[in-house]
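Enquirer: Got a structure here, written out as structure tokens. Questions coming.
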Amino acid sequence: MKSLGRFGAARVRRSSGFTLIELLVVLVILTLLAGLVGPKVLDQLGGAKSKTARVQIAELEQSLDLFKLDVGRYPTDAEGLRALAERPGTAQGWNGPYVKKGLPPDPWGAAYLYKNPGRNGGPDVFTLGADGKPGGDGENSDVYN
């Protein structure tokens, strides 16, 4: 068998692993990728909450329409959305509950808000978004259907 000599053995030992510089380069590349991809993923998750809120609001509005068919009117502001789950004292013809599993909270854990009459004359069901304050941008914006 041929002898590798002093320099040949060193070459074999060095090529069997990664150097510190190679590992640092890989870590820098992974950090850059995470910095670029991470915010996009978080934006998608946030957008999903707004979409969930729109779907739940649409379902609550359908329940309000069923309430109106039975009672002849939409719930008052004082009765609110609770009228969909519990019979109000002044609601003749109430045939509920109109929501199967009770009133859901919005995706951020707060209760949905109800105003009658709303912006367009009919009732409004809405949420104030992630910050719980009127207005805002992105996930903090109000969600109406």
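The values are calculated or read from the model by the stated rules, or taken from the named source; none is laboratory data. Computed from a prediction, not measured in an experiment: that's the story for all the values here. Neighbour counts run over all protein chains shown; Cβ positions are idealised from the backbone, glycine included. These accessible areas exclude ligands, DNA and RNA; they are computed on the full protein's heavy atoms, side chains included. Shrake-Rupley method; radii C 1.70, N 1.55, O 1.52, S 1.80 Å.
Enquirer: Using a Gaussian network for the chain with springs between C-alpha atoms less than 10 Å apart, which of these wobbles most: L27, L84, L66?
Expert: Highest fluctuation of the listed residues: L27.
Enquirer: Given a 1.4 Å probe, how much area per residue of the chain is accessible, in Å²? Don't jump to the answer; show the numbers that get you there.
Expert: Working: 10330 Å² over 145 residues.
Per residue, the chain has 71 Å² of solvent-accessible surface.
Enquirer: On to the next question. How many lysine pairs are close in the chain, with Cα atoms under 26 Å apart and the two 8 or more places apart or on different chains?
Expert: 18
Enquirer: Further question on the same structure: Just subtract the alpha-carbon distance of A111 and V28 from 0.36 nm times their residue separation and send over the number in nm, one decimal. Let's see the in-between values first.
Expert: Working: separation 83, 0.36 × 83 = 29.88 nm, distance 4.40 nm.
Taking A111 through V28 to full extension adds about 25.5 nm, to one decimal.
Enquirer: Can you tally the net charge around E86? Count Lys and Arg as +1, Asp and Glu as -1, for every other residue whose Cβ sits under 15 Å from the Cβ of E86. Walk me through the intermediate numbers first.
Expert: Numbers: positive: R82, R87, K100, K101; negative: D70, E79.
Around E86, the surrounding residues sum to +2.
Enquirer: How high is the relative contact order of the stretch 47-145, in percent, with contacts defined as C-alpha pairs under 8 Å that are six or more residues apart?
Expert: On the way: 147 pairs, mean separation 25.6, N = 99.
It rounds to 26 percent for the stretch 47-145.
Enquirer: When the accessible area of the chain is split by element with a 1.4 Å probe, what percent falls to carbon and sulfur?
Expert: On the way: 6260 of 10330 Å².
Carbon-and-sulfur percentage of accessible area, whole number: 61.
Enquirer: Just name one of Y144, V28, P104: the one whose Cα is farthest towards the positive end of the charge dipole of the chain (beta-carbon charges, Lys/Arg +1, Asp/Glu -1).
Expert: The Cα lying farthest towards the positive end belongs to V28.
Enquirer: Still on this model: Note the angle between two axes, namely the Cα long axis of helix 20-71 and the longest principal axis of the Cα atoms of the chain, as a number of degrees from 0 to 90, rounded to the nearest 10.
Expert: 10
Enquirer: I'd like the accessible area for D137, computed on protein heavy atoms only with a 1.4 Å probe and all protein chains in place. Round to 10 Å², please.
Expert: Using a 1.4 Å probe on the heavy atoms, I get roughly 130 Å².
Enquirer: To the nearest 10 degrees, how steeply does helix 5-14 sit against the main Cα axis of the chain, on a 0 to 90 scale?
Expert: So the inclination is approximately 0 degrees.
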